[in-house]
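The values are calculated or read from the model by the stated rules, or taken from the named source; none is laboratory data. Bear in mind that the values here come from a model prediction, so they are computed numbers and not experimental data. With ideal geometry, Cβ positions are generated from the backbone for all residues, glycine too; neighbour counts draw on all protein chains shown. Remember, those area values only see protein heavy atoms, side chains included, never the ligands or the DNA or RNA. Shrake-Rupley method; radii C 1.70, N 1.55, O 1.52, S 1.80 Å.
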Amino acid sequence: MTRILGIESSCDETAAAVVADGREILSSVVASQIDIHRKYGGVVPELASREHLRQIVPVVREALGQAGMKLADVDAIGVTQGPGLVGALLVGITYGKTLAAALGKPLVPVNHLAGHVHAVFLEAYKTGRTAKLPAVCLIVSGGHTVLYEVTAGGSADPECCGLLRYGKIGQTRDDAAGEAYDKVAKLLGLGYPGGPILDRLAAVANGAAAPVKFGPTKTRGNPLDFSFSGLKTAVLYHVREHAEYSGEIRTREEALQRGERKFEQLLPLCSPQTLALVREFQNAVVRDLVDRTMLASQELAVESVLVSGGVAANSQLRATFEERGKSQGIEVFFPSRALSTDNAAMIAAAAYERFRAGILADSSLNADPSLALA
Ligand code: KG4
Ligand code: ZN
């Protein structure tokens, strides 16, 4: 059995995990910094680095403890090399390099996006399903909205999928979908991060009349590219042009300042019109993500569709993908909500195939904030 310690620090989660043979999660610990960044309405890079420094040692210790292991029992260390915030990445990389050198263990550099792809395989293994390749994978988070074709790298060993191959087939031209959620929530006085609260508010909007309709987003050129900044701006203009929103937005901002940011606390402060606006925004985001991904799956005639990243936690996105998958006769795979958002189990899983292929790093490993997967 190969046990890999994964370390993730690319954005605002300090995470460590131990995964056996690339598929069995022995432990997974995530220290979120949301409470620190909330008052700024987004991730502040300097604060993120400082918090990673404070958290990295206890988080790794806890991951080993939960797996019932000592550092010496680890077979290799997998660490996120990029993409992400350079100062944040450097904390995990420096700690990983130091551990590897001190213990004499191999160090495996991992692309964060490959981690998100592997989160889907981890979940499939847990639930006894097989995500057949080739697949189309949508990674949709606060920092990324990108479509890949994922193919098997041609390993003869059926127990190990071998090195996966990635081909980028579409990406956002401006904002990531999660970023659009966060910005719309901010302008509506609904706090940070925006995804989870908008998800729940949209679900209770029911039949309230739509105050505005958002048409399909047109992107000239590649039909598999995304664009969300126009939609965000359309919400902003709609709110600015309708004075009736301003009172309730102020009331919610005051509630947030008192620390009342829970769904149950904010829902009574939302008019039916606001709920319907949130529903229309979410309908537009979900329709766009699902339409383009399913189009890609048809064009490439793949075996399955994989969806990962923070926004993959969205209830409507999951339900809509399930429905469309059924009607098009293609299986859709999601990680659990915990594996959808940033974690280190996915990094350890992605490190396993690279470890087996002998892709290792030495002490010269550096952070690469814009590391590409394909
Ligand atoms: O993957 P992640 O944890 O970090 C990044 O790599 O960005 O994703 C965080 C993003 C945030 O923008 C957050 O608003 C969004 O994922 N998010 C959601 C939901 N849960 C988190 N968006 C829509 N619906 C959700 N339920
Ligand atoms: Zn991520």
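Numbers below:
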| item | result |
| --- | --- |
| For the stretch 1-75, radius of gyration divided by Kirkwood radius, i.e. Rg to Rh on alpha-carbons | 1.06 |
| Mean separation of Cα contacts under 8 Å, 6 or more apart, over the residue count of the stretch 1-71: relative contact order % | 31 percent |
| Solvent-accessible area per residue for the stretch 221-289 (1.4 angstrom probe, square angstrom) | 48 Å² |
| Built amide H within the under 5 Å cut-off of Leu26, gap 5+ | Val18, Val19, Ala20 |
| Under Karplus coefficients 6.51, -1.76 and 1.60, residue-wise ³J(HN,Hα) of the stretch 236-245 in Hz, glycine/proline x | 4, 5, 4, 5, 5, 7, 10, 4, 5, 6 |
| Per-residue ³J(HN,Hα) for the stretch 308-323, Karplus 6.51 cos²θ - 1.76 cosθ + 1.60, θ = phi - 60°, Hz, x for Gly and Pro | 9, x, x, 6, 5, 6, 5, 5, 5, 4, 5, 5, 5, 4, 4, 4 |
| Apportionment of accessible area to carbon and sulfur, the chain, percent (1.4 Å) | 52 percent |
| Estimated [θ] at 222 nm from DSSP helical runs (n ≥ 4, -39500 (n - 2.57)) normalised by residues in the chain, nearest 500 | -14500 deg cm²/dmol |
| Amide H contacts of Val79 (H built 1.01 Å from N, under 5 Å, at least 5 apart or other chain) | Ile7, Val108, Val110 |
| 12 Å beta-carbon shell around Ile56, net charge (K/R +1, D/E -1) | -1 |
| DSSP-defined beta bridges in the chain - what % are antiparallel, rounded to 5 | 60 percent |
| Coordinate range along principal axes, alpha carbons of the chain, Å, largest first | 64, 48, 34 |
| Peptides 4-10, 65-71, 183-189, 223-229 ordered by average Cβ neighbours within 10 Å, highest first | 4-10, 183-189, 223-229, 65-71 |
| Karplus (6.51, -1.76, 1.60) ³J(HN,Hα), θ = phi - 60°, over the stretch 32-38, in Hz, Gly and Pro reported as x | 8, 9, 3, 4, 6, 8, 3 |
| Fraction of beta bridges assigned by DSSP in the stretch 1-116 that are antiparallel (%, nearest 5) | 60 percent |
| Local electrostatic count, Ala344, Cβ distance below 10 Å [Lys/Arg +1, Asp/Glu -1] | -3 |
| Surface accessible to a 1.4 Å probe, per residue, for the residues of the stretch 299-339, Å² | 42 Å² |
| Per residue solvent-accessible surface (Å²) - the stretch 1-153, probe of 1.4 Å | 37 Å² |
| Distance from the stretch 335-374 to the stretch 194-229 (C-alpha centre basis), Å | 31 Å |
| Residues of type aspartates and glutamates that Lys70 reaches as a straight line, Cα spacing below 14 Å, ignoring anything fewer than 8 places off in the same chain | Glu62 |
